[in-house]
Amino acid sequence: MNDKSILTPFIIYDPECPLCVRFKQALEQMNFDMPLYFYPLDHPELFVQFPKLNKETINKEVHLILDVEGENALKGHQVIDFLARHNNTVKKFAWLLETDIGEKASHIFYKSVNKLRESLHNHCSNCKNR
């Protein structure tokens with residue numbers, strides 16, 4: 001493996017979005033039962049190593065890529081569920097996500113955060129001009 005290889009599993013984040021950067025920083029401080037890597041949307045090797053990834057789709061919602069082929073990807077609320085099941089503190093309660101109410105709560109949380117991210121993106125002159 002060369003120094004430029006992208007390691008999995010990884011989350012793709014927008015380095016220009018303050019909310020995305022803050023979530024990334026918070027996740028980096030959490031204790032997961034596996035390594036978790038983070039790569040910015042503009043990483044030069046990202047779309048070279050993972051040509052099946054669609055930048056436009058990724059820019060609309062969070063993506064977690066699980067394998068080196070990029071075939072196994074989670075999006076949106078699926079990422080929250082996955083991270084909850086692999087966080088050493090939260091996974092004790094991950095069974096709640098398997099209930100209808102837990103799943104709805106996960107969806108609502110993700111939709112709310114993504115709506116906030118989109119709102120920030122729409123009001124940011126740097127973001128709109130990219």
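The values are calculated or read from the model by the stated rules, or taken from the named source; none is laboratory data. None of the values given here were measured: they were computed from a predicted structure. Virtual Cβ from ideal backbone geometry, glycine too; neighbours counted across all protein chains shown. Side chains included, ligands, DNA and RNA excluded: accessible areas come from the protein's heavy atoms. Shrake-Rupley method; radii C 1.70, N 1.55, O 1.52, S 1.80 Å.
Restricting attention to the stretch 1-14 and to residues that are in contact with a helix residue (DSSP H, G or I) (Cβ under 6 Å, 6 or more places away or on another chain) and part of a loop (DSSP other than H, G, I, E, B), the residue that is modelled with the lowest pLDDT turns out to be Asp14.
Taking first residues from the stretch 16-35 that are under 16 Å from Val62 (Cβ atoms) and partners that are among the acidic types (Asp, Glu), the Cβ contacts under 6 Å between residues at least 6 apart in sequence or on separate chains come to Cys20/Asp14. Considering each residue of the stretch 57-68 in turn, at least one proves to be surrounded by 11 or more Cβ atoms within 10 Å (Cβ to Cβ), under 14 Å from the mean Cα position of the chain (by Cα) and polar (S, T, N, Q). Within the stretch 5-24, the residues that satisfy the criterion of being under 19 Å from Phe82 (Cβ atoms) and touching an Asp or Glu at 6+ places or on another chain (Cβ under 7 Å) are Ile6, Thr8, Cys20.
One residue stands out among those in the stretch 86-97 that are within 22 Å of Val21 (Cα to Cα) and part of a helix (DSSP H, G or I): the one that is modelled with the lowest pLDDT, which is Val90.
Residues that are at pLDDT below 90 number at least 3 in the following helices (runs of 4 or more DSSP H) confined to the stretch 15-83: 18-29, 55-60. Residue count for the stretch 40-59, restricted to those that are within 15 Å of Leu74 (Cβ to Cβ) and either in contact (Cβ under 8 Å) with a residue 24 or more places away in the chain or among the hydrophobic types (A, V, I, L, M, F, W, C) (or both): 3.
In this structure, Asn114 does not satisfy being modelled with pLDDT under 90 and open to solvent by 50 Å² or more (accessible area, probe 1.4 Å). Report the residue count in the stretch 72-89 for those that are open to solvent by 20 Å² or more (accessible area, probe 1.4 Å) and more than 19 Å from Met34 (Cα to Cα). Residues meeting the conditions: 1.
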